[in-house]
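Scroll down for the structure; my scribbles are underneath it.
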Amino acid sequence: MSTERSATITRKTNETDIKVSLQIGSLDSASEQTIDISTGIGFLDHMYHALAKHAKWSLTLACKGDLHIDDHHTAEDTAIALGMALKQALGEPRGIRRFGHAYCPLDEALSRAVVDISGRPHAVVDLGLKREMIGTLSCEMIPHVLMSFATAAGITLHVDVLKGDNDHHRAESAFKALAVAIREAVSRTGSNDVPSTKGVL
């Protein structure tokens, strides 16, 4: 079983040009994280930074997208590339906990995230956002980012904002809860076992 879990993904379409480098840290890792996010959408950068920070990832993500059209392709495609990187970095899911869950507050907002490194992509996301935009990111794209990430990563996730008045706080607490849940789910158990009764994920 490899001790280093990392991946580099390059994804180029007519709409976006993306490069992602991801290294998964451990729960007890003392190594310094490197996080550098540049999508051209400030609030999306902020969310990815929070995700990487609290998941204990070192993450470099750069995207040149067709923002002269709108934010859709950049938001969706970066989530796909990030999910692909996580899947590649994990490789065959042996010796991990598989399941993770977390509650994270941000002031008055509180979010819950539950993750299964299942090989079966599925996402249920309920953020309850009311604003049309946060910065230059459409609020309708925020759950879509999480769903696109789950699909590309091949994981199941449930993310719910349980309470909160401020949409910035609601979204950020959701990404932080997801980060902590992923950090738990991918943490090593010390075995080489596939965590499934099927013997494969």
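The values are calculated or read from the model by the stated rules, or taken from the named source; none is laboratory data. Please read all numbers here as calculations on a predicted model, not as lab measurements. Every residue, glycine among them, receives a Cβ derived from its backbone with ideal geometry; neighbour counts consider all protein chains shown. Only protein heavy atoms, including side chains, enter the accessible area calculation; ligands, DNA and RNA are left aside. Shrake-Rupley method; radii C 1.70, N 1.55, O 1.52, S 1.80 Å.
The alpha carbons of the range 1-116 occupy a box of 43, 40, 26 Å along the principal axes, longest dimension given first. Dividing the radius of gyration of the alpha carbons in the range 53-139 by their Kirkwood radius gives 0.98 for Rg/Rh. Exposed loop positions in the chain were taken to be GluC sites (Glu not before Pro) whose DSSP state is not H, G, I, E or B and which have at most 10 other beta-carbon atoms within 10 angstrom. Between these positions, the longest stretch is 33-131.
As a calculated quantity, the FRET efficiency between His72 and Glu32 at R0 = 35 Å, using C-beta atoms, amounts to about 0.55. Remark on Thr136: its backbone amide H falls under 5 Å from those of Gly42, Phe43, a criterion applied only to residues 5 or more positions apart or on other chains, H modelled at 1.01 Å from N.
Packing order of peptides 141-150, 187-196, highest average first: 141-150, 187-196 (average count of other Cβ atoms within 10 Å over each peptide's residues). The count of lysine pairs in the range 60-201 whose Cα atoms are under 22 Å apart, excluding pairs fewer than 8 places apart on the same chain, comes to 5. When the solvent-accessible area of the chain is split by element, carbon and sulfur atoms take up 49 percent of it, the probe being 1.4 Å.
Provide the per residue accessible area, probe 1.4 Å, for the range 116-201, rounded to a whole number of square angstrom. So the range 116-201 comes to 44 Å² accessible per residue, rounded to a whole number. For the range 161-173, the Karplus equation 6.51 cos²θ - 1.76 cosθ + 1.60, evaluated at θ = phi - 60°, returns couplings of 8, 7, 6, x, 9, 9, 5, 4, 5, 4, 5, 5, 5 Hz by residue, with Gly and Pro reported as x. Of all beta bridges DSSP finds with both residues in the chain, what is the antiparallel percent, to the nearest 5? Taking every DSSP beta bridge with both residues in the chain, the antiparallel ones total about 80 percent.
Rounded to the nearest 10 degrees, the angle from helix 141-153 to the longest Cα principal axis of the chain is 20 degrees.
Alpha-carbon geometry of the range 140-188: the Rg and the Dmax are 11.5, 37 Å, given in that order. Between His122 and Ile155, Thr156, Leu157, the built amide H atoms are under 5 Å apart, and every one of these is 5 or more places off in sequence or on another chain.
One entry in [x] 16.0, 49; [y] 22.6, 86; [z] 23.1, 91 is Rg and Dmax of the Cα atoms in Å calculated from the shown coordinates; its label is [x]. A simple rule links phi to the HN-Hα coupling: the Karplus curve 6.51 cos²θ - 1.76 cosθ + 1.60 with θ = phi - 60°, which for the range 74-84 gives 5, 5, 5, 5, 5, 5, 4, 5, 5, x, 4 Hz, with x for Gly and Pro.
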